[in-house]
């Protein structure tokens, strides 16, 4: 008998603003471009990609493309998506540099 499985999608579990913000914060702290794009795409899917694209002033297709594996979102797209999610980005010194 073949075991049936379904792909895991974190978007299904990111139901609160706090969970979504923490998910994004971890991606930004790690600093990996691919992880940041995947996290933004996951949270946008959790909220509704069409609505986020509309609020970010980009087409849904453009948003999928820019946050996809081969995408390279413009800064304006990144900031638009973050704003559409009702979040903000903050900068602080890296821990290694904070004591110097």
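Quick notes on this structure:
- Some residue of segment 24-33 being more than 22 Å from residue 94 (Cα to Cα), out of contact with any helix residue (DSSP H, G or I) (no Cβ under 7 Å at 6 or more places or on another chain) and either without any contact (Cβ under 8 Å) to a residue 60 or more places away in the chain or surrounded by 16 or more Cβ atoms within 10 Å (Cβ to Cβ) (or both): no
- So residue 80, is it within 12 Å of the chain's Cα centre (by Cα) and surrounded by 16 or more Cβ atoms within 10 Å (Cβ to Cβ): yes
- Among the residues of segment 39-60, those identified as within 13 Å of the chain's Cα centre (by Cα), over 15 Å from residue 77 (Cβ atoms) and in a helix (DSSP H, G or I) are 42, 45, 46, 47.
- Conditions (1) surrounded by 12 or more Cβ atoms within 10 Å (Cβ to Cβ); (2) free of Cβ contacts under 8 Å to residues at least 12 places away in the same chain; (3) closer than 18 Å to residue 87 by Cβ; number of the one not met by residue 75: (1)
- Tally, over segment 34-57, of residues that are in contact with a helix residue (DSSP H, G or I) (Cβ under 7 Å, 6 or more places away or on another chain), over 12 Å from residue 10 (Cα atoms) and either in contact (Cβ under 8 Å) with a residue 12 or more places away in the chain or crowded, with 16+ Cβ neighbours inside 10 Å (or both): 8
- So residue 67, is it touching a residue at least 12 places away in the same chain (Cβ under 8 Å), within 17 Å of residue 25 (Cβ to Cβ) and within 11 Å of the chain's Cα centre (by Cα): no
Taken together, the values in this text are just the output of simple stated rules run on the coordinates, not laboratory data. No experiment lies behind these values; they were computed from the predicted model shown. Positions of Cβ are generated from backbone atoms using ideal geometry, with glycine treated the same way; all protein chains shown enter the neighbour counts.
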